[in-house]
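So the structure is just underneath, and the comments pick up after that.
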Amino acid sequence: MATVEQHLPETHNGAVSAAAGIPVENPATGEIIATVPDLGADAVAEMAARARAAQPEWEAYGFEGRARVMLRAQKWIMDNAARVVETIVSETGKTYEDAQLAEIGYAGNAFGFWANEAQGYLADEHVKSSQLLVKGKKLLLRYRPIGLVGVIGPWNYPLTNSFGDCIPALMAGNTVILKPSEVTPLTSLLLADALRECGLPEDVLQIATGRGETGAALVGHVDMIMFTGSTRTGRKVAAEAAARLIPASLELGGKDPMIVLSDADLERAANFATYYSMQNAGQTCISIERVYVEEPVYDEFVAKVAEKVRALRVGKPEGFGTVEVGAITFPPQLEIIKDHVQDALDKGAKVLAGGHELPGAGRFYEPTVLVDVDHTMKIMTEETFGPTLPIMRVRDADEAVELSNNSHYGLGSSVFTRDTKRGEAIARRLEAGAANVNDAMINYTVLELPMGGAKASGLGSRHGAGGIRKYCSQQAIVVTRMGMKKELFMYPYRPRTSRMLAGLFKLLYGRGKRA
Ligand code: NDP
């Protein structure tokens, strides 16, 4: 077992020794593999002071200087991919493939994307105005770094989720304090070391390991908070941010529907349903979590999915190619999964594959397919966050859309049909931040597209222009180059000038019709 105090800057050690450590467990074995400091509110306040002191120099690096560090980090990730994958696997219990594809692949792309695109997204915008009084003036919209950004991350993707937000926040010229989940802090500590090695100045990115209280303390010190996690905690963070009048961006839970129409390529649809429900052992915010299938193809689709899911291997990942489904990372999640399956069975659902926790060391749940399900069951309405796939028969596309939208969540969604025009029309009716036709989750990899949730799935978005502009405050700049000594409307007020202005307004704005 290792302690990872050495990852923290010297000045943290007082706080570290004063606080009890948090044990980090390997969910696939149950072994404790490290302990990390449980930083209290005082330590967070000290970190915030250091971050504020470091910010002006980091901003002065400019886009090119900051991009150089990020591009070095991109190369570092690729050179050290095996080590990063091992770290992620050890603290999440996910498969090597899940770590490689959705974490290394994402981070490699993200470091390069934001290094190359940040300047374009944040360049001064020259604005043209129809307002007569500003004709001839220079009008600019400028994005300036907001200062100190707090990022709070969940345990399911310790690299992708947390650094997917840290990278644009840093590229915008901010300093960042990242609070990783207490369950998965090791990847963040490793990456912070890596970034220092790549030239990131001291205190520009700090990792505040700790529990929920550490996250709450962080919200009290930053200029903007980026939170990824459950809707329940997201509401608390939003309330605290509102009290401090700081912006909050929230990426929260989901219950992503998939619709399979009778003209769909059933083999593709079944493969997608199997992969995106079981990938990362179902612990992915944007995925496939419930399926609605049109009557004529229901039996064939269900048979295909059940056969594919039964063939999946679940257990401790021993390297690439050893299992398809890894561990349940967060201990309480296993109880939620069991509760949702039991609730469905109690209300008449049938299990076609899986349905049990694995005995022995580590935390595993069999890949599970359920049928005869409906919206009275938690498995269809609440976020299960496990390797479960409930499939429901529907009359037609309209019923599928209605049931898909019958949720307080609205993160991702998918429609499968050979008629892509109809698929797109259905996608537009889905109340979700993302809708894929004949695909699933792929939108997350397109960093040019916004990724954010509708309804209780979030506020704001990551990726695209909005994914970096949210880390900035906007400043409007107006430059008057050649001005008169006095403007027409200024003192003293005279009836003649007021009549003239009234006539001018009428001319400009009064020519429309009322009916
Ligand atoms: P939680 O909401 O439990 O925790 C998220 C983070 O918030 C953790 O770091 C947690 O610390 C911290 N935290 C807990 N309490 C507070 C508080 N009062 N103030 C500030 N921070 C606090 O979520 P999970 O970690 O369980 O993550 C799973 C959830 O995340 C799922 O609902 C999933 O859908 C969602 N998610 C959403 C994504 C999206 O992009 N929309 C992506 C990935 C996940 P600690 O862990 O130490 O308690």
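Residue by residue through segment 239-260, note down the ones that are within 11 Å of the ligand (Cβ to nearest atom), of a type in the set (A, V, I, L, M, F, W, C) and crowded, with 18+ Cβ neighbours inside 10 Å. Full working, then the answer.
Residues of segment 239-260 within 11 Å of the ligand (Cβ to nearest atom): 239-241, 248-256.
Now narrow it down to the ones that are of a type in the set (A, V, I, L, M, F, W, C): 239, 241, 248, 250, 252.
Result: 241, 248, 250, 252.
Within segment 33-67, can you find the residues that are within 17 Å of residue 205 (Cβ to Cβ) and among the acidic types (Asp, Glu)?
Selection gives 46, 57, 59.
What number of residues in segment 477-504 are farther than 30 Å from residue 126 by Cβ and either polar (S, T, N, Q) or in a helix (DSSP H, G or I) (or both)?
Looking only at that region, the number is 8.
Take the residues in segment 152-163 that are of a type outside the set (Ser, Thr, Tyr) and within 18 Å of residue 234 (Cα to Cα); name whichever of them is nearest to the ligand (Cβ to nearest atom).
Ranking the candidates gives 154 first.
Within segment 298-314, identify whether any single residue is closer than 27 Å to residue 183 by Cβ, modelled with pLDDT of 95 or more and either within 13 Å of the ligand (Cβ to nearest atom) or not hydrophobic (A, V, I, L, M, F, W, C) (or both), and answer yes or no.
The answer is yes; a qualifying residue exists.
Any chance you could count how many residues in segment 458-496 are of a type outside the set (A, V, I, L, M) and surrounded by fewer than 14 Cβ atoms within 10 Å (Cβ to Cβ)?
The initial filter retains those residues of segment 458-496 that are of a type outside the set (A, V, I, L, M), namely 458, 460-464, 466-467, 469-475, 480-481, 483, 485-487, 489, 491-496.
Those left that are additionally surrounded by fewer than 14 Cβ atoms within 10 Å (Cβ to Cβ): 474-475, 480-481, 483, 485-487, 489, 491-496.
Selection size over segment 458-496: 15.
Restricting attention to segment 186-219, and to residues there that are in contact with a helix residue (DSSP H, G or I) (Cβ under 9 Å, 6 or more places away or on another chain) and near the ligand (Cβ under 8 Å from one of its atoms), which single residue is farthest from residue 40 (Cα to Cα)?
Per the stated criteria, the residue is 219.
Kindly indicate whether any position in segment 344-353 is surrounded by fewer than 20 Cβ atoms within 10 Å (Cβ to Cβ), in a helix (DSSP H, G or I), within 15 Å of the ligand (Cβ to nearest atom) and of a type in the set (A, V, I, L, M).
no
When you go through (1) surrounded by fewer than 19 Cβ atoms within 10 Å (Cβ to Cβ); (2) out of contact with any strand residue (DSSP E or B) (no Cβ under 7 Å at 6 or more places or on another chain) one by one for residue 142, which number turns out not to apply?
Result: residue 142 passes all but (2).
State which residue pairs qualify: first residue free of Cβ contacts under 8 Å to residues at least 12 places away in the same chain and inside segment 232-248, second residue surrounded by 19 or more Cβ atoms within 10 Å (Cβ to Cβ) in any location, beta carbons under 8 Å apart, and separation of 6 or more residues or different chains.
242/248
Find the helices (runs of 4 or more DSSP H) located wholly in segment 39-139 whose residues include 2 or more that are more than 26 Å from residue 223 (Cβ to Cβ) and under 23 Å from the mean Cα position of the chain (by Cα), and list them.
In segment 39-139, 62-79, 81-92, 96-99, 105-122 are the helices (runs of 4 or more DSSP H) which contain 2 or more residues that are more than 26 Å from residue 223 (Cβ to Cβ) and under 23 Å from the mean Cα position of the chain (by Cα).
How many residues does segment 410-453 hold that are within 16 Å of the ligand (Cβ to nearest atom), among the hydrophobic types (A, V, I, L, M, F, W, C), surrounded by 19 or more Cβ atoms within 10 Å (Cβ to Cβ) and outside any loop (DSSP other than H, G, I, E, B)?
Residues that pass the stated criteria total 1.
Of the numbered conditions (1) in a loop (DSSP other than H, G, I, E, B); (2) surrounded by 20 or more Cβ atoms within 10 Å (Cβ to Cβ), residue 273 satisfies every one except a single condition; which is it?
Of the numbered conditions (1) in a loop (DSSP other than H, G, I, E, B); (2) surrounded by 20 or more Cβ atoms within 10 Å (Cβ to Cβ), the odd one out for residue 273 is (1).
For segment 120-165, give me each residue that is under 19 Å from residue 463 (Cβ atoms) and hydrophobic (A, V, I, L, M, F, W, C).
Selection gives 122, 123, 146, 149, 151, 152, 159, 163.
Does residue 407 qualify as being within 16 Å of the ligand (Cβ to nearest atom) and either closer than 24 Å to residue 339 by Cα or more than 28 Å from the chain's Cα centre (by Cα) (or both)?
yes
If the Cβ limit is 8 Å and pairs must be 6+ apart or interchain, which residue in segment 54-66 that is surrounded by 13 or more Cβ atoms within 10 Å (Cβ to Cβ) pairs with which residue that is aromatic (Phe, Trp, Tyr)?
Matching pairs, first to second residue: 66/58.
Is one or more of the residues making up segment 220-238 within 21 Å of residue 462 (Cα to Cα), among the β-branched types (Val, Ile, Thr) and either surrounded by fewer than 20 Cβ atoms within 10 Å (Cβ to Cβ) or more than 12 Å from the ligand (Cβ to nearest atom) (or both)?
yes
What are the residues in segment 302-327 that are buried (at least 24 other Cβ atoms within 10 Å of the Cβ) and closer than 28 Å to residue 431 by Cα, if any?
305
Answer with yes or no whether residue 150 is part of a loop (DSSP other than H, G, I, E, B) and touching a residue at least 60 places away in the same chain (Cβ under 8 Å).
So residue 150 fails the test.
What residue, of 149, 176, 183, is within 14 Å of the ligand (Cβ to nearest atom) and of a type in the set (Val, Ile, Thr)?
Going through 149, 176, 183 in turn, the sole match is 183.
Of all residues being within 29 Å of the chain's Cα centre (by Cα) and not in a loop (DSSP other than H, G, I, E, B) in segment 354-380, which is surrounded by the fewest Cβ atoms within 10 Å (Cβ to Cβ)? Just the residue, please.
Only one residue fits best here, namely 357.
The values are calculated or read from the model by the stated rules, or taken from the named source; none is laboratory data. This structure is a prediction, so every number in the text was calculated from the model and none was measured. Note that each Cβ is placed from the backbone with ideal geometry, even for glycine, and that neighbours are counted across all protein chains shown.
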